[in-house]
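Undergrad: Please read through the structure below; I'll follow up with questions.
The values are calculated or read from the model by the stated rules, or taken from the named source; none is laboratory data. Please read all numbers here as calculations on a predicted model, not as lab measurements. Remember, those area values only see protein heavy atoms, side chains included, never the ligands or the DNA or RNA. Shrake-Rupley method; radii C 1.70, N 1.55, O 1.52, S 1.80 Å.
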Amino acid sequence: MSSTGIIKTKRRRKNHVIRVLMVQVVLLAYTIVFLYFLHQSRWGPFAVLRQNLFIVFCLNMGGMLFCMLYNEQRMDQFLREYPFLGDREGMERLKPILRTHMYLGILALLMTGNSLGTGLGIFIEKEFLQGLIVLGTWLLSLPLLSWCSHTENKMFQIQCTNQNLEPEVELLIKDWSTRIFPNF
């Protein structure tokens with residue numbers, strides 16, 4: 001049986017400091033190793049990469065932004081169609097959106113590391129104009145990150161009107177916000 005009122009439970013997002021710091025440490029370590037090999041290598045793939053830093057930066061930054069915008073667009077469309085969850089159909093439509101978000105999140109994280117490494121490589125190589133473009137791109141992407149995280153927070157706080165469905169919604173949202181790969 002479903003009730004007609006919205007269940008008003010406020011979910012607390014568990015962004016543990018350690019988890020956030022671990023992601024930043026991994027990105028930093030990845031970037032340092034990337035820059036070391038980029039700077040030391042005079043042959044092979046890193047030499048080719050060194051000659052094309054700006055192109056690789058643009059591709060990685062574009063890919064990362066595409067992943068973020070695609071996820072945001074799908075979540076926003078879902079929230080317009082289902083401002084709250086009240087039936088199994090809404091739950092089943094939500095699962096693939098969250099799965100895609102999780103997979104593209106991993107890809108976006110790798111692209112973020114690559115764009116960070118190539119962007120810093122451009123500064124190390126003292127390419128002034130390209131460095132300004134890199135810096136401008138990073139600064140312009142900050143409002144986009146804020147906008148996308150706002151949509152994620154709305155998705156995280158989606159209300160459920162069915163008391164029988166509420167535990168499953170809670171578990172789904174918890175898995176989405178804490179796991180790397182989906183298990184639903």
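Undergrad: I'd like the accessible area for Tyr30: 1.4 Å probe, protein heavy atoms, all chains in place, Å² to the nearest 10.
TA: Result for Tyr30: roughly 90 Å² accessible.
Undergrad: Provide the per-residue ³J(HN,Hα) series for segment 87-101, in order, calculated from phi with Karplus coefficients 6.51, -1.76, 1.60 and θ = phi - 60°, each as a whole number of Hz, with x at glycine and proline positions.
TA: Per residue, the Karplus-derived 3J(HN,Hα) values read 8, 5, 4, x, 4, 5, 6, 6, 4, x, 5, 5, 4, 4, 4 Hz.
Undergrad: Can you compute 3J(HN,Hα) from phi for each residue in segment 168-173, using the Karplus curve 6.51 cos²θ - 1.76 cosθ + 1.60 with θ = phi - 60°, rounded to whole Hz and x for Gly and Pro?
TA: 5, 5, 4, 5, 4, 5
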